[in-house]
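Worksheet: one structure, shown below.
The values are calculated or read from the model by the stated rules, or taken from the named source; none is laboratory data. Predicted, not measured: the structure shown is a model, and the values here were computed from it. We place every Cβ from the backbone using ideal geometry, glycine too, and count neighbours over all the protein chains shown.
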Ligand SMILES: [Zn+2]
Ligand SMILES: [Zn+2]
Ligand SMILES: [Zn+2]
Ligand SMILES: [Zn+2]
């Protein structure tokens, strides 16, 4: 076994640090157990104790695995290596691509607890569930009325726009003239 094994998967040797005896390493591939003497423990624990040795050159955030750093770095570089094979849209993270591809496959893994309706994204489900719970997180700043959806609030906001002055009030800005 290599002491420089920094891979992220769980298939490598596992490590138990025992305060009194030293380091016990169990290699599940061979079912062998190694006990490292205390003298070399000080040299090896740092590489095993979860030290985050991969540092982002952009923001100095630290990561345990190179793959984690790689994914994080894309948030700085804007690199999007995951491409949808069906429509060509690109994504920085695999998970985002998977979520997107559900729009093609029709897969709806997020089910409403109240009515059983399926949704592609968790946020869409959350939004839908508010129609059951009556939660209205979008509040009109003008009159305090609550709305379940942002688009409904936006629609409502036109009520407060005054057509006689030609001013359309949107997100606190008064410089939009609709005439
Ligand atoms: Zn960074
Ligand atoms: Zn697509
Ligand atoms: Zn529902
Ligand atoms: Zn209002």
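Let me spell it out: the conditions are (1) surrounded by fewer than 14 Cβ atoms within 10 Å (Cβ to Cβ); (2) at pLDDT 90 or above, and residue 10 meets all of them except one. Which number is the exception?
(2)
Looking only at the stretch 113-126, decide whether some residue is without any contact (Cβ under 8 Å) to a residue 40 or more places away in the chain, within 16 Å of ligand 2 (Cβ to nearest atom) and either surrounded by 13 or more Cβ atoms within 10 Å (Cβ to Cβ) or under 24 Å from residue 86 (Cβ atoms) (or both).
yes
Scan the stretch 78-89 and give yes if some residue there is within 16 Å of ligand 3 (Cβ to nearest atom) and over 17 Å from the mean Cα position of the chain (by Cα), otherwise no.
no
Looking at (1) away from ligand 4 (no atom under 16 Å from the Cβ); (2) modelled with pLDDT of 90 or more; (3) touching a strand residue (DSSP E or B) at 6+ places or on another chain (Cβ under 8 Å), which one does residue 177 not meet, given that it meets all the others?
Only one criterion is unmet by residue 177, namely (2).
Here is a yes/no grid of residues against (1) farther than 30 Å from residue 51 by Cβ; (2) more than 16 Å from ligand 4 (Cβ to nearest atom); (3) out of contact with any strand residue (DSSP E or B) (no Cβ under 7 Å at 6 or more places or on another chain); (4) at pLDDT 90 or above:
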| site | (1), (2), (3), (4) |
| --- | --- |
| 70 | no, yes, yes, yes |
| 81 | no, yes, yes, yes |
| 103 | yes, yes, yes, yes |
| 119 | yes, yes, no, yes |
| 134 | yes, yes, yes, no |
| 155 | yes, no, yes, yes |
| 161 | yes, no, no, no |
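For residue 52, state whether it is within 16 Å of ligand 3 (Cβ to nearest atom) and touching a strand residue (DSSP E or B) at 6+ places or on another chain (Cβ under 7 Å).
no
Among the numbered conditions (1) on the phi > 0 side of the Ramachandran plot; (2) within 16 Å of ligand 3 (Cβ to nearest atom), tell me where residue 144 comes up short.
(2)
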